[in-house]
Structures are given as structure tokens and as C-alpha cells.
Amino acid sequence: MNSIKIAVPTLDNSGLSAKISDHFGHCRLFTIVDLTGKDITNVETFTNPEEQEGSCSNLIAHLAERGVGTVVAYGMGGGMFEKCSALGVRVLLADRELHGDVGTVINDLISGNLTAMQHLNLCKGNSGPCRGH
């Protein structure tokens, strides 16, 4: 059976009820969800070590070391997006209107209703889709 590990940037450590953070690279926490087929087999919280250091340059490497193969976010910068691509980490796009918490994101992922993030979704400071956060 197919198993994947998904990371979602979050504001709190309340598992599937955790609210999604607007900023991927500088969020405080990630909720990591293990899926086997369509079944959630584990949910854990991972403290972003890069946020403590004021950087996000090695964040994707930290997540990949934990076995994360997919990240879901409202947006991210181009450099982070390229690092995901380089490490083979799939990036999916969450919708602020539809996905307020991890559970709704995971349900839509299981249902096949999330789309891959594309260059037009990338944050561009104050002028991009993230509007400067």
C-alpha cells in the first residue's frame, strides 16, 4: 500500500485541528501527517528549527530527513519552491477560503482535490499572492 508523509505549516500543535500558517518558511510549527492509502496512520508536530535561527535555508532538508515527501501551503517563495523540487518534495496548494486547518487539507488531498503549486502561485513579497503575509 502507498504511504506518504505530508507536512503543513501550522500555528499550533492541535493535530488535524491545527490552523494553517500563512508563511511556510518562517512558521513556528509543522503538522506532519502519515497516510497509508487513504488512512491517517500518524499525526505529529515538528518545531521548525530554522524559525528559531531566523532563516529558512535548510528547512526542506530538515523535513526531507524526517521522510516528508509532500508539503501543502498557501504559498511559498521561489527559492523554497526550487529547493523542494531539487529534493523531490512535491508541493501542493492550499486555498485560504477552503482550508483553514490541517484536517480539511488532508481530506482534500485524500480526495484528490488539491493541485500542484505552480510558479504563478509563488510569493513575490508585497505584490504576490501572499500579499507580504
- [ ] Please determine, by comparing only the residues of the stretch 61-88 that are outside any loop (DSSP other than H, G, I, E, B) and within 16 Å of Leu29 (Cβ to Cβ), which one is modelled with the lowest pLDDT.
- [x] His62
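Every residue, every condition in (1) more than 18 Å from Asp34 (Cα to Cα); (2) modelled with pLDDT under 90; (3) exposed (fewer than 15 other Cβ atoms within 10 Å of the Cβ); (4) of a type outside the set (S, T, N, Q), yes or no:
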residue: Leu92; (1), (2), (3), (4): no, no, no, yes
residue: Val105; (1), (2), (3), (4): no, no, no, yes
residue: Thr115; (1), (2), (3), (4): yes, no, yes, no
residue: Gly128; (1), (2), (3), (4): yes, yes, no, yes
residue: Arg131; (1), (2), (3), (4): yes, yes, yes, yes
- [ ] Keeping to the stretch 74-113, report how many residues are touching an Asp or Glu at 6+ places or on another chain (Cβ under 9 Å) and of a type in the set (Gly, Ala, Ser).
- [x] 2
Open item on the list: Within the stretch 94-103, take every residue that is without any contact (Cβ under 8 Å) to a residue 60 or more places away in the chain and either loosely packed, with under 11 Cβ neighbours inside 10 Å or aliphatic (A, V, I, L, M) (or both) and give me the one that is farthest from Thr45 (Cα to Cα).
Closed with: Glu97
- [ ] Give the number of residues within the stretch 1-48 that are touching an Asp or Glu at 6+ places or on another chain (Cβ under 6 Å) and among the polar types (S, T, N, Q).
- [x] 3
Task: Long-range neighbours under 7 Å by Cβ, at least six apart or interchain, first residue modelled with pLDDT of 95 or more within the stretch 13-34, second basic (Lys, Arg) and surrounded by 16 or more Cβ atoms within 10 Å (Cβ to Cβ) - done: Ile32/Lys5; Asp34/Lys5
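The values are calculated or read from the model by the stated rules, or taken from the named source; none is laboratory data. None of the values given here were measured: they were computed from a predicted structure. We place every Cβ from the backbone using ideal geometry, glycine too, and count neighbours over all the protein chains shown.
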